[in-house]
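A.B. asks: First the structure, which I've put down as structure tokens, then a few questions once you've had a look.
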């Protein structure tokens with residue numbers, strides 16, 4: 001049967017936080033593309049994130065582990081994959097400190113499995129093919145409070161098992177271009193926030209804890225700085241780079257949005273208290289300072305000027321706008337949050353696909 005689609009794009013980790021936004025954007029925007037969502041449905045993969053598009057004719061979900069080379073090879077052949085947007089990864093720093101082996105396996109060996117599959121299935125000169133790898137600004141290490149920023153030429157200096165595993169995967173992606181000519185692109189992004197984020201991460205965790213009057217654990221004195229990027233802005237950047245980015249190039253994606261953790265937390269508290277009709281600042285008493293994370297990087301800040309100057313991308317939302325939308329979403333979708341925190345989401349969606 002002749003394939004009616006112009007492209008068959010494999011999006012890995014598409015049931016996760018960032019991945020689900022990218023999948024939805026591509027399914028909605030490109031009905032002429034066949035979008036294959038590959039996810040292992042580990043704890044952070046939630047098909048409820050994509051319930052609104054699960055019956056679209058140009059959308060297919062496949063449950064698989066990216067480290068299973070034979071399964072990935074079969075998926076490439078069965079769906080005639082022409083492009084990859086690779087988001088599947090273990091991403092929580094605290095988990096990486098406790099279990100670095102899992103992070104090395106998924107982030108390094110999983111990426112290598114996908115690269116090797118693409119090399120075997122795509123034919124040189126790879127016209128129309130692209131392997132797009134999404135990475136993190138944490139591979140660059142840490143910055144001081146000196147006004148400097150991470151750029152695409154910043155030396156890698158990872159400080160956690162998570163960032164080390166992502167750095168390793170980045171190097172493999174570039175090596176496959178240099179060695180085999182595989183058409184690759186790498187992007188390094190700052191901290192994402194927005195709807196559908198697993199509540200082990202700071203913003204959804206704190207929104208949920210404020211809602212339930214639970215402690216808000218703050219590492220050290222809360223002075224570490226992060227650059228925050230609204231997830232839908234990141235998805236737009238991925239779309240743009242996939243279609244117009246230069247092969248073998250690197251692009252940094254940041255929000256131009258630096259916040260000290262403690263200042264960010266106070267903005268979240270103020271917003272949640274207001275939307276719950278509580279007295280302003282009432283939940284500040286929930287702040288609890290805890291022992292700092294091992295190897296905790298002081299500051300991340302990304303210079304996205306290359307992406308802006310070359311491809312015309314810039315974030316659409318300032319943080320205050322984005323956090324307002326984000327808090328409202330979590331408060332309006334308390335059933336989603338309760339299902340995730342209880343684990344109920346796994347019982348329905350994972351069994352549904354396991355039993356197919």
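A.B. asks: Assigned to a helix (DSSP H, G or I) and either touching a strand residue (DSSP E or B) at 6+ places or on another chain (Cβ under 8 Å) or modelled with pLDDT under 95 (or both): does that describe residue 84?
C.D. replies: No, not satisfied.
A.B. asks: Quick one: is residue 167 closer than 30 Å to residue 127 by Cα, free of Cβ contacts under 8 Å to residues at least 24 places away in the same chain and surrounded by fewer than 23 Cβ atoms within 10 Å (Cβ to Cβ)?
C.D. replies: Judged against the criteria, residue 167 is not a match.
A.B. asks: Now a separate question. Only residues that are buried (at least 16 other Cβ atoms within 10 Å of the Cβ) and modelled with pLDDT under 95: list them for the range 287-298, please. Before the answer, list the steps.
C.D. replies: Taking the range 287-298 and keeping what is buried (at least 16 other Cβ atoms within 10 Å of the Cβ), we get 287, 297.
Of everything in the range 287-298, just one residue is buried (at least 16 other Cβ atoms within 10 Å of the Cβ) and modelled with pLDDT under 95, namely 297.
A.B. asks: Considering the range 91-108 alone, what residues qualify as being buried (at least 22 other Cβ atoms within 10 Å of the Cβ) and not in a helix (DSSP H, G or I)?
C.D. replies: 91
A.B. asks: Has the range 223-236 got at least one residue that is on the phi > 0 side of the Ramachandran plot and surrounded by 19 or more Cβ atoms within 10 Å (Cβ to Cβ)?
C.D. replies: Scanning the range 223-236, I find no residue that is on the phi > 0 side of the Ramachandran plot and surrounded by 19 or more Cβ atoms within 10 Å (Cβ to Cβ), so the answer is no.
A.B. asks: In this structure, is residue 241 in a helix (DSSP H, G or I), more than 29 Å from residue 97 (Cβ to Cβ) and in contact with a strand residue (DSSP E or B) (Cβ under 9 Å, 6 or more places away or on another chain)?
C.D. replies: yes
A.B. asks: Another question, if that's okay. Across the range 270-307, what is the total count of residues that are touching a residue at least 60 places away in the same chain (Cβ under 8 Å) and in contact with a strand residue (DSSP E or B) (Cβ under 8 Å, 6 or more places away or on another chain)? Spell out how you get there, then give the answer.
C.D. replies: Of the range 270-307, the ones touching a residue at least 60 places away in the same chain (Cβ under 8 Å) are 272-273, 276, 283, 286-303, 306-307.
This time we only want the ones that are in contact with a strand residue (DSSP E or B) (Cβ under 8 Å, 6 or more places away or on another chain), so: 283, 286-293, 296, 298-303, 306-307.
Of the residues in the range 270-307, 18 are touching a residue at least 60 places away in the same chain (Cβ under 8 Å) and in contact with a strand residue (DSSP E or B) (Cβ under 8 Å, 6 or more places away or on another chain).
A.B. asks: Do we have residue 236 as within 20 Å of residue 194 (Cβ to Cβ), at pLDDT 95 or above and in contact with a helix residue (DSSP H, G or I) (Cβ under 9 Å, 6 or more places away or on another chain) here?
C.D. replies: Spelling it out, residue 236 is indeed within 20 Å of residue 194 (Cβ to Cβ), at pLDDT 95 or above and in contact with a helix residue (DSSP H, G or I) (Cβ under 9 Å, 6 or more places away or on another chain).
A.B. asks: Still on this structure, please answer the following. What number of residues in the range 94-109 are modelled with pLDDT under 95 and either within 20 Å of residue 15 (Cα to Cα) or in contact with a strand residue (DSSP E or B) (Cβ under 8 Å, 6 or more places away or on another chain) (or both)?
C.D. replies: Residues meeting the conditions: 1.
A.B. asks: For residue 312, work out the one condition from (1) under 23 Å from residue 246 (Cβ atoms); (2) surrounded by 14 or more Cβ atoms within 10 Å (Cβ to Cβ) it doesn't fulfil.
C.D. replies: Residue 312 satisfies all of (1) under 23 Å from residue 246 (Cβ atoms); (2) surrounded by 14 or more Cβ atoms within 10 Å (Cβ to Cβ) except (2).
A.B. asks: What strands (runs of 3 or more DSSP E), lying completely within the range 131-222, carry at least 2 residues that are closer than 30 Å to residue 328 by Cα, under 14 Å from the mean Cα position of the chain (by Cα) and at pLDDT 95 or above?
C.D. replies: Details: elements: 184-189, 191-193, 216-219.
Ranges flagged: 184-189, 191-193.
A.B. asks: To continue, here is another question. Scanning the range 27-39 for residues that are more than 15 Å from the chain's Cα centre (by Cα) and buried (at least 17 other Cβ atoms within 10 Å of the Cβ), which turns out nearest to residue 89 (Cα to Cα)?
C.D. replies: We begin by selecting, within the range 27-39, every residue more than 15 Å from the chain's Cα centre (by Cα); these are 27-36.
Remaining after also requiring buried (at least 17 other Cβ atoms within 10 Å of the Cβ): 27, 30, 33-36.
On the way: 27: 22, 30: 25, 33: 24, 34: 23, 35: 19, 36: 17 Å.
Checked the range 27-39; the qualifying residue nearest to residue 89 (Cα to Cα) is 36.
A.B. asks: Whether any residue in the range 110-117 is at pLDDT 95 or above, within 17 Å of the chain's Cα centre (by Cα) and crowded, with 18+ Cβ neighbours inside 10 Å is what I want to check. Quick ask: steps written out before the conclusion?
C.D. replies: From the range 110-117, those at pLDDT 95 or above are 110-117; that's our starting set.
With within 17 Å of the chain's Cα centre (by Cα) added as a condition, the list becomes 110-111.
Subset that is crowded, with 18+ Cβ neighbours inside 10 Å: 110-111.
Yes.
A.B. asks: Go through the range 51-72 and count every residue that is within 17 Å of residue 337 (Cβ to Cβ) and surrounded by 22 or more Cβ atoms within 10 Å (Cβ to Cβ).
C.D. replies: Of the residues in that region, 0 qualify.
The values are calculated or read from the model by the stated rules, or taken from the named source; none is laboratory data. All values reported here derive from a predicted model rather than from experimental measurement. All Cβ positions, even for glycine, are placed from backbone atoms using ideal geometry, and neighbour counts span all protein chains on display.
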